[in-house]
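S.K.: The structure that follows is given in the form of C-alpha cells.
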Amino acid sequence: MDKASLLLDLLWALDSRYLVQHPSNFPDTKRESLRSNLIPNLTNSNGSNLVNLELFPILESSRLGRYFESLLEFIFSQSNYVQIIDKNVPLRNSERTLGEFDFLLEWENKENIHLEVALKFYLKLKKAPDLSSYIGPSGVDRLDLKLSKLFDNQMTLSQRAEGKEYLHVKYDKIFIPMLWFVGFLFYPIDEYLSGEYKKSLLNEINFDHRSGYWIPWENRLQVPQTKSNSYFSIPSRLSWLMSYPLHSDVYTYNELIQFLRNLDDPDFSVLIVEWEQIGITPKELSRGFLVSRKLIESVSFMG
C-alpha cells in the first residue's frame, strides 16, 4: 500500500462515524486526541513529506477488517496518549477458545482499555423493522448477529471471571471494555435519495452513521450522479475506505454507464463510489452497491 493511500485510509479510520449508539463507544474526545498526534507525526518539519508510514505493519491478510485493525494499530503507535499493551490476545479455557481481545491499551491517565474493533458494511435488503434486515454484501453476515456477538461475547470478555483472572495474572491490570464499530449502512435507492430512511431508523443505530444506497443489478443504469462533473470508481475490497481513486479506474458518469451497460451480473455485490477532487484529496459524494440477483434471491428465500 502506497503512502498516499495509507494517509487517506488512516484519516478515514479516525473520522469515521460509529454505526450504533452505545455507552461503550470509544469516546470522541479520545479520538480527537489521537488525531492531533497523527498528522504532526506523519510530516517532516516543512510538512511536505509523509514519514513514519514505512513503519506501517505489513499486511498479512487481504481481509478489510484486518486492514482496519492495522490502521488503528498504527494510529495508536503514533500517539503520545496511548500505549498498546497487547493485541489479538486469545482467551481460552480447558475446552475451547472463549474469544479474543482485539486491543489492550493504556491511556495516558493509566486508564486500561479493552477495545473491540469492527468495520462492517450492511445493506437493508428486507423490509422488516429490525436489525436482521441489514445483511452483508456477501450475504453471510447480519447486523443483529454481529451486535449479539460483540455485546454478548467480545465486550464481556474482560468482565467475565475467566477474563478478569487471565488479565490480572498476565498484566496485573483491570480493563474497561470499549467499542470502535464503524462502517456504512446502505438503503434502497428511493429511501436513500429521498431521505426517508432517516425517519424510521432503529434506536440502536447512530443517526449520523455513514450511509449509501443499493440497486438491483438489473437496474444498474440507474446509478445516480449527485453533482455534475463528478468522478466514479469501482474499488476492490481493500480500497473501500478512502483510497479508491488511487487503486481503481476512474470514470466520468457517461463512461460509467457505458461500462455497466456491457457488464454481466458477476454474482457478487459491486461497490460504486462517486467523488470529486478537492485539492489533493478526494471528497466523497455518494456510494452504493449494485446487488446481484443471487443475493436478492437468497434473501427472499430467507424471508
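S.K.: Has segment 149-157 got at least one residue that is aliphatic (A, V, I, L, M) and over 19 Å from Phe103 (Cα atoms)?
M.R.: For segment 149-157, residues aliphatic (A, V, I, L, M) and over 19 Å from Phe103 (Cα atoms): absent.
S.K.: Identify, by number, the condition in (1) out of contact with any helix residue (DSSP H, G or I) (no Cβ under 6 Å at 6 or more places or on another chain); (2) more than 23 Å from Ser62 (Cβ to Cβ) that Gln225 doesn't meet.
M.R.: For Gln225, the exception is condition (1).
S.K.: Can you tell me which condition Ala128 does not meet? The list is (1) within 19 Å of Ile296 (Cβ to Cβ); (2) of a type in the set (Gly, Ala, Ser); (3) in contact (Cβ under 8 Å) with a residue 40 or more places away in the chain, and all the others hold.
M.R.: Every condition holds for Ala128 apart from (3).
S.K.: Name the single residue, out of those in segment 191-206 being free of Cβ contacts under 8 Å to residues at least 24 places away in the same chain and not in a helix (DSSP H, G or I), that is farthest from Leu64 (Cα to Cα).
M.R.: Gly195
S.K.: Name the residues in segment 145-190 that are on the phi > 0 side of the Ramachandran plot and either in a strand (DSSP E or B) or touching a residue at least 12 places away in the same chain (Cβ under 8 Å) (or both), would you?
M.R.: Selection gives Gly183 alone.
Each row is one residue, and each column tells you yes or no for (1) within 20 Å of Lys120 (Cα to Cα); (2) loosely packed, with under 14 Cβ neighbours inside 10 Å.
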site: Leu271; (1), (2): yes, no
site: Glu274; (1), (2): yes, no
site: Pro282; (1), (2): no, no
site: Glu297; (1), (2): no, yes
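S.K.: Filter segment 73-107 for residues that are within 21 Å of Phe56 (Cα to Cα) and small (Gly, Ala, Ser) and give the result.
M.R.: Ser77, Ser79
S.K.: Answer yes or no as to whether Tyr213 is touching an Asp or Glu at 6+ places or on another chain (Cβ under 9 Å) and at pLDDT 95 or above.
M.R.: Yes, satisfied.
To keep it simple, each residue is scored yes or no on (1) basic (Lys, Arg); (2) surrounded by fewer than 16 Cβ atoms within 10 Å (Cβ to Cβ); (3) touching a Phe, Trp or Tyr at 6+ places or on another chain (Cβ under 8 Å).
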position: Trp180; (1), (2), (3): no, no, yes
position: Tyr197; (1), (2), (3): no, no, yes
position: Phe207; (1), (2), (3): no, yes, no
position: Trp217; (1), (2), (3): no, no, no
position: Gln222; (1), (2), (3): no, yes, no
position: Ser233; (1), (2), (3): no, no, yes
position: Ser236; (1), (2), (3): no, yes, no
position: Ser243; (1), (2), (3): no, no, no
position: Leu246; (1), (2), (3): no, no, no
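The values are calculated or read from the model by the stated rules, or taken from the named source; none is laboratory data. What you see is a predicted model, and the numbers here were worked out from it, not measured in a lab. Here the Cβ is made from the backbone with ideal geometry for all residues, glycine too, and neighbour counts use every protein chain on show.
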